[in-house]
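Data first, discussion second: the structure below is written as structure tokens.
The values are calculated or read from the model by the stated rules, or taken from the named source; none is laboratory data. Not measured: the values here are computed from a predicted model. FYI the Cβ positions are ideal-geometry reconstructions off the backbone, even for glycines, and counts take in every protein chain you see. Note: accessible area is taken over every heavy atom of the protein model, side chains too, but ligands, DNA and RNA are not part of it. Shrake-Rupley method; radii C 1.70, N 1.55, O 1.52, S 1.80 Å.
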Amino acid sequence: MATELLPIGILVSGRGSNMESIAEAIDSGQVPASIKIVISDKQEARALELAAKRGIKTLFLNPKSYPTREAYDEALAAILKKEGVELVVLAGFMRLLTNNLLDRFENRVINIHPALLPAFPGLNAQRQALEYGVKFSGCTVHFVDVGMDSGPIIAQTVVPILEDDTEETLAKRILVEEHRLYPKVVKWIAEGRVKIEGRRVRVD
Ligand code: GRF
């Protein structure tokens, strides 16, 4: 039985390794989704180049062209809707979203964060974990709300912190797990297996 492909849009700002891991999983037939567009708020984002190389439609949407965050998000939402996007995947997108976008994609925006939320939200999560001295960190995929990394958690992977870890070695070890976890969650959502019940997310 052919499964319908979930149309997704990916928002990026930088390196694009999570975007790549999702694109690869889709190309190899593991995830029933199709990437309609990759949008960046940074013109120089490597992610845009990588997406273009794969033949994916790309767009640089300049925040400076909009008077407010709300106006920017409204434009973003309009473009994503026009492309038929049903799931918005943040992959290293360095902006907080407002309700101008979130209301139009209710429970349809996800993000990945390189720590075990609710610990260490925001920037430099790996450094925060090292400085705090926790023995385990990891990555979290969650639904996005207006807060900073505060939406309902879909899935997490635990990564141990080693004695001689630096921010770089820890980030690298977590990134390996990010690349496994994020495509898996997109697959679950594409298969209609993810349900939100208040703050709790159930995966059937
Ligand atoms: C990842 O560590 C992700 O968890 C965080 O931003 C980074 C993006 O990396 N949100 P990349 O652009 O996907 O390589």
Q: Starting from the Cα of VAL146, step 7 Å along the direction of its Cβ; do the same at PHE60; then give the gap between the two resulting points in nm.
A: 3.1 nm
Q: Roll a 1.4 angstrom probe over the protein heavy atoms and tell me the percent of accessible area of the chain that is carbon or sulfur.
A: 51 percent
(Q) At 222 nm, what value in deg cm²/dmol follows for the chain if DSSP H runs of at least 4 each add -39500 (n - 2.57) and the sum is divided by all its residues, to the nearest 500? (A) -10500 deg cm²/dmol
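Filter the chymotrypsin sites (Phe, Trp or Tyr not before Pro) in segment 114-204 to those in DSSP coil with at most 14 other Cβ atoms within 10 Å of their Cβ, and list the result.
none
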Q. Can you list the trypsin sites (Lys or Arg not before Pro) in segment 126-183 that are in a DSSP coil and have 14 or fewer other beta carbons within 10 angstrom?
A. LYS135
(Q) On a 32 Å Cα-Cα criterion, which of the cross-link pairs LYS42/LYS172; LYS53/LYS135; LYS42/LYS135; LYS36/LYS135; LYS64/LYS187; LYS53/LYS184 come out too long? (A) LYS53/LYS135; LYS42/LYS135; LYS36/LYS135; LYS64/LYS187
Q: Can you tell me the dipole magnitude for the chain around its Cα centre, using point charges on the Cβ only (Lys, Arg +1; Asp, Glu -1), in Debye to the nearest 20?
A: 360 debye
Q.
Please report the spacing between the Cα centers of segment 104-181 and segment 72-94 in Å, no decimals.
A. 22 Å
Q. Mean separation of Cα pairs under 8 Å and 6+ residues apart, divided by the residue count of the chain: what relative contact order is that in percent?
A. 20 percent
Q | the chain, Rg to Rh (Cα coordinates; Rh as Kirkwood inverse mean 1/r) | A | 0.95
